[in-house]
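Before any comments, here is the structure.
The numbers here are math on the coordinates, done by the rules we state, and not lab data. Just so you know, these numbers come straight off a predicted model, no measurement behind them. Please note: Cβ atoms are built from the backbone with ideal geometry, for glycine as well, and neighbour counts cover all protein chains shown.
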Amino acid sequence: MLLNKIEEVREQIKTWRKEGFTTGLVPTMGALHAGHLSLIKRAKQECDKVVVSVFVNPIQFGPSEDFDKYPRTLEADTKLCEQEGVDIVFAPTPAEMYGEGNRLTNDTLTYVCPPFFYVNKLCGKTRIGHFDGVCTVVNKLFNIVQPDKAFFGQKDAQQAVIIRKMVKDLNIPVEVIQCPIIREESGLALSSRNKYLSEEGKKDALVLSRILNNIKNCYKKGITDVSALKETAYPFLTEKHDLEYLEILDRETLEEKEKADNNTIVLIACRVENVRLIDNVYLEDK
Ligand code: AMP
């Protein structure tokens, strides 16, 4: 069922609680693809009831980002959710989430701000305030739905680390489950933003996964020096690629390291046709 109001969701959850059902939450911004569906399928396996939120969260977009043009396909999303057996699609308006007429800034609203160490790197370096917006909305969704488990993708690896940290630091009673990245056969990680790419752009975008796989292969062959591993990326890049970052970090803490090991993640952000794409890979599958 499609619900737009916080109170309606709360009522339904209350009934489920009384009946002893467990609830899983899959937070999304909609424009659902197979990546989102993999989270939904996992939630269906692990929980009695599944809530998918579809909310393009204004406070996680910077002023020059794509909030207005972000794809909104609620009708198709609802259909896909129905097919997957989702119990509630929660699609509130910004006014429902943040109050009518509120200025969406932290001088009028309570924000949940993750620690600087986790934010001042990777996507957080250029997307100022992004993770404050993410943590605030995810915290609100946790309070509205009170899920037993919440499902996030490794695709947004920094986000997943930050959310786990928030849950731990604030003692939020939810289990965070991370699901693997779903890719096209070509290797391109699925993303709602891939819709902005031309066919040629999609081909150029394959460089992200190629760089990551190549680094993983080099590591498997015995190269562990982080600078040497990073160097291997440059032959892949052309004038069509505007590299924002390529980082090799600890996968749990996002700390820098000189030598890669089995607990290492490689993360990349690169613009292709001015579309900002991110991807990552663990050097060792666990
Ligand atoms: P979004 O709608 O982009 O905010 O993403 C909602 C959730 O889906 C996040 O937890 C993402 O990490 C996850 N997700 C997005 N793309 C993928 C993908 N290709 N594979 C797995 N999970 C994904």
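Classification of the range 1-112 by its C-alpha gyration tensor yields an oblate form. The axis ratio a/c (a ≥ b ≥ c) is 1.5 or more, and b/c is at least a/b.
For the range 2-92, trypsin sites (Lys or Arg not before Pro) meeting the loop criterion (DSSP other than H, G, I, E, B) and having at most 11 other Cβ atoms within 10 Å: Lys69. Spin-label pair Arg193-Glu19: with each label point 7 Å from Cα along the Cα-Cβ axis, the two points sit 4.0 nm from one another.
How large is the charge dipole for the range 2-179, taken about the Cα centre, if only the Cβ atoms of Lys, Arg (+1) and Asp, Glu (-1) carry charge, to the nearest 20 debye?
It works out to roughly 520 debye.
Measure nothing fancy, just the Cα-based angle from helix 6-19's long axis to the longest principal axis of the chain, in degrees from 0 to 90, nearest 10. Between helix and principal axis, roughly 80 degrees. In the chain, one over the average inverse separation of all distinct C-alpha pairs is 19.9 Å, which is the Kirkwood hydrodynamic radius.
Taking other Cβ atoms within 10 Å as a rough exposure proxy, Glu7, Glu244, Glu175 sort from fewest to most as Glu7, Glu175, Glu244.
Write down the Kirkwood hydrodynamic radius of the range 221-274, to one decimal in angstroms, obtained as one divided by the mean of 1/r over all alpha carbon pairs. Working shown, then result.
Numbers: mean 1/r = 0.0825 Å⁻¹.
This gives a value of 12.1 Å.
Can you give the calculated 222 nm mean residue ellipticity of the chain, where each DSSP H run of n ≥ 4 adds -39,500 (n - 2.57) and the sum is split over every residue, rounded to the nearest 500 deg cm²/dmol?
Details: 10 runs with 108 residues, N = 286.
About -11500 deg cm²/dmol.
Relative to the longest principal axis of the chain, what angle (0 to 90°, nearest 10) does the C-alpha long axis of helix 130-145 take? Long axis of 130-145 versus the principal axis of the chain: about 30 degrees. In this structure, Met1 and Lys202 have a Cβ-Cβ separation that, at R0 = 25 Å, corresponds to a calculated FRET efficiency of about 0.10. Each Cα pair of the range 127-286 feeds into the Kirkwood radius, which the Stokes-Einstein equation turns, at 20 °C and 1.002 mPa s, into a diffusion coefficient of 127 µm²/s.
Between Arg210 and Thr126, 0.36 nm times their residue separation minus their Cα-Cα distance comes to what?
Details: separation 84, 0.36 × 84 = 30.24 nm, distance 2.36 nm.
Length gained, Arg210 through Thr126: 27.9 nm.
Less than 5 angstrom separates the built amide H of Asp279 from those of Ile268, all sequence-distant by 5 or more or on a different chain.
Between Asp68 and Leu104, what length comes free when the chain is fully extended (0.36 nm per residue of separation minus the Cα-Cα distance, one decimal in nm)? Don't skip to the answer; put the middle values down first.
Values: separation 36, 0.36 × 36 = 12.96 nm, distance 1.52 nm.
Stretched fully, the Asp68-Leu104 segment lengthens by 11.4 nm.
Considering the zone a paramagnetic label at Asp242 would reach in this model (a point 7 Å from Cα along the Cα-to-Cβ line), which residues of the range 259-276 have amide N under 17 Å from it? From the range 259-276, the list is 269-276.
On a 0 to 90° scale, report how tilted helix 34-46 is relative to the longest principal axis of the chain, with both axes built from alpha carbons and the result rounded to the nearest 10. Here the helix axis deviates by roughly 60 degrees. Length gained on full extension, Lys286 to Ala34, computed as 0.36 nm times the residue gap minus the Cα-Cα distance: 88.5 nm.
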